[in-house]
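Just so you know, all these numbers are worked out from the coordinates, no wet-lab data involved. Quick caveat: nothing in here was measured; it's all calculated off a predicted structure. Heads up, the Cβs are rebuilt from the backbone with ideal geometry, glycines too, and the neighbour counts pull from every protein chain shown.
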């Protein structure tokens, strides 16, 4: 029996509330050049007091040595096995979620790059000179004017949409209308990943089978018509498509664990992943203060709250230790507001490490703090990477956290008699 | 290759003796209200001396956050994967084992509750007012007087037995006689789990198939006849059946690992689980002294001894820290008798934690002490939860312990050349 199935069988409901506070990318490194981490450096009187009454430990997001993207990092925190085929969130879907697009389960999404071809149709720039956002939006608007024609090439059942992303990126959606059977999404990228060759047509991925081939035959002319619309553009005179995908059909945390779960996140990508996992999205700004405002208002409506703070990750990506320290101290200053609500179970952790010296996500385990009535109060006195490595929880897979939260909330029955 | 299969392939026999001393529910918590655990508090000079010469570590009984019952907790310690379908010990079987009943592999066992119905046959109390043990035994005797008739309703091949349990509970057995084909046990509970409705007849569980349906059709009239016998009782005028099950057909530790294994446990449930795993039951009382008496007598007859001490768990369930400390100190006082036998490998641990503040089993990892000639003598100086969290063995699944014991006893060959 898999772990998720086991937890699901043991689910029992009660009124106790769980809060999962994700400080995105909070984990950091001690290196030759940076002898202390942001958590080491930050002045955090409230976190310190909390740590002294909590269990600490570390989470391995995906697997030893594996650096997670934001999707897998959060899926694991929500209790899903991030490397199983069922939880694979494709690039197209992730890009659409990041733009805050509302995509239905049957919608096929691809991530697009504007690109440049020469007079013979051979690629000379796969990113169209990395054109700026305004230019990307103008070209998307131009494509949108051809959408109806592209849609009609597909027949009545499918709507086509184009949405600008950052710079030279955009998202292409194929939405089946009500009554239209679901579309296959198993198509190969049209990006040949090299210059001097032509872009590929939309075609079924290797081994995808007859249904994907039939759908590809319908989509290819519509995509070609959209590409033709751009042929007189100077730089963005075609586009490439990658990561065709649909929303994964995951059982939600309500169905699995009986939770009434809410997500409070300022950034669309995290809302999107939470929504895929069956959480209700509570609109809020991106600062911890704005998140707490909405949390206080909606406290009675849910028994699981996912709060997402982005600043720690951004500072890590920027290689800015002072900014990361500041982001942690800002959370610490407002922590009493969260504690005043009296969560029965509170976990503070990250979805991955974003070490300042690396300026990127990394594979290193992420510190975890867990406070509940029944947690083992260990001898850790601060919420830091080193203290966490000595905590009572030990170093566990991030996908084990959900079971630990449920147990501490009394939401899991005993296994066997 | 599964772990058990791997260990089994590597099995090699020798004369070295392994002792697994289970202090039931020994693991405990440090909390705001209880800053020190029973192991922290107990004066244990003998355990301390042993700990200083041992490896410490922690066992996770079933999985992070999962609270085990006694069945899965012990199966894991004996090297079985407790969540696999093969090791599932049904409620009926577990109740029968707990009563010390001798059940053969083909016997179908259900756990019964006496219950109350009104004049229209609708349930008004699913536990018959939680009637006392004496009353339960009287009613069981009354049922027993009808057993022959019930048995004959089933035809010659099946014997029916009823055995009183605690208070309003009892066990119903269907034993196929020699030559009768094995009975299916995949029946749904007859307990509808609500009042104001009739009890359900014995019927096949959802998806159980034709063989279960045929057997249910045979059993249902016999059960109805027994229920009819009670109709003039004031409170216990019917009964409900739950947890139909048979003994799981597990390969024993002899077959798997070449062990000649003995169980010394004062309580029937633990003897029952040990028997399911192929151990020989050595009759003994429940105190550690009584267990040691028998251990000394039978030392030459086996090379694996499972000793079960119940007092730690009972004190935990009672929320009585002083009693738990006392139970640990009582074991410590007699430990020299065990050490004088010179076990080649000695492990001391629990099947789960039963923290005093929770008054129940819990999911928290359980401390483990392992002493052998070849164990890594780490820096832990006491057998406590916190020391164990820093021990050389680390935090491992409880089902990994058997391999560690076998290795320390030289009973596992090298894997590969």
Helix axis angle, B:210-229 relative to chain B longest principal axis, alpha carbon, degrees: 70 degrees
Normalised alpha carbon radius of gyration of the stretch B:177-301 [divisor 2.2 N^0.38 Å]: 1.50
For peptides B:259-267, A:201-209, sequence by mean Cβ density within 10 Å, most packed first: B:259-267, A:201-209
Estimated inter-spin distance, residue B:14 and residue B:141, nm [label 7 Å along Cα→Cβ]: 5.7 nm
Calculated FRET value between residue B:148 and residue B:88, using beta carbons and R₀ = 35 Å, to 0.05: 0.60
Relative intensity, log₁₀ I(q)/I(0), of the protein assembly as shown from a Debye sum that treats every alpha carbon as a point, q = 0.05, 0.07, 0.09 Å⁻¹: -0.36, -0.68, -1.01
Principal axes of the stretch B:63-102: Cα extent on each, largest first, Å: 32, 18, 16
Förster radius 56 Å - calculated FRET efficiency between residue B:213 and residue B:301 (Cβ-Cβ, nearest 0.05): 0.75
Least to most buried among B:329, A:15 (fewest other Cβ within 10 Å first): A:15, B:329
Cα centroid separation - the stretch B:135-158 against the stretch A:52-116, whole Å: 60 Å
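Rounded, prolate or oblate: which one fits the stretch A:1-122, using the alpha carbon gyration tensor with axes a ≥ b ≥ c (rounded when a/c is under 1.5, else prolate when a/b beats b/c, else oblate)?
On the way: a/c = 2.39, a/b = 1.36, b/c = 1.75.
Verdict is oblate for the stretch A:1-122.
Per residue of A:372-384, what is the mean number of Cβ atoms on other protein chains within 10 angstrom of that residue's Cβ? Display every interim value, and only then the final one.
Working: counts 1, 6, 9, 5, 14, 6, 4, 4, 0, 0, 0, 0, 0.
Per residue, the number of nearby Cβ atoms from other chains is 4 on average.
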Intensity falloff of the stretch A:181-234 expressed as log10 I(q)/I(0), Debye formula with alpha-carbon point scatterers, at q = 0.15, 0.25 Å⁻¹: -0.48, -1.01
Partner chain coverage, peptide B:59-72 - average Cβ within 10 angstrom: 6
Cα-based helix-to-principal-axis angle, B:288-298 vs chain B, degrees rounded to 10: 80 degrees
Angle in degrees between helix B:133-153 and the longest Cα principal axis of chain B, rounded to the nearest 10: 60 degrees
Helix-derived mean residue ellipticity, 222 nm - over chain A, DSSP H n ≥ 4, -39500 (n - 2.57), to 500: -10000 deg cm²/dmol
Centroid-to-centroid separation of the stretch A:359-417 and the stretch B:367-386 [C-alpha atoms, Å]: 24 Å
For residue A:211, inter-copy label distances in nm, listed shortest first [label point 7 Å out on the Cα-Cβ vector]: 3.5
Debye log10 I(q)/I(0) at q = 0.11 Å⁻¹ for the stretch A:94-245, Cα point scatterers: -0.38
Surface/4 of the Cα convex hull for chain B, nm²: 22.4 nm²
Residue exposure sequence - B:353, B:381 - by fewest surrounding Cβ within 10 Å: B:381, B:353
Two-site label geometry, residue A:40 and residue B:53: point separation in nm, points 7 Å out along Cα→Cβ: 4.1 nm
Label point 7 Å beyond Cα along the C-beta direction, distances from residue B:48 to other copies (nm, shortest first): 3.3
Pseudo-label separations to other copies for residue A:133 - Cα-to-Cβ vector, 7 Å, nm: 7.5
Spin-label proximity, residue B:359 to the stretch B:125-159 - amide N less than 20 Å from point 7 Å beyond Cα toward beta carbon: B:130
Beta bridges per DSSP with both ends in the protein assembly as shown, % antiparallel, nearest 5: 60 percent
C-alpha center-to-center spacing [the stretch A:323-339, the stretch B:308-329] in angstrom: 42 Å
Considering only chain B, percent of DSSP beta bridges that pair antiparallel, nearest 5: 60 percent
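Please average, across the residues of B:354-366, the number of beta carbons from any other chain that are within 10 Å of each residue's own beta carbon, and give a whole number.
3
Round to the nearest 0.05 the FRET efficiency obtained for residue B:130 and residue A:5 when R0 = 56 Å and r is the Cβ-Cβ distance.
Values: r = 34 Å, r/R0 = 0.60.
Step by step, r from the Cβ atoms, then E = 0.95.
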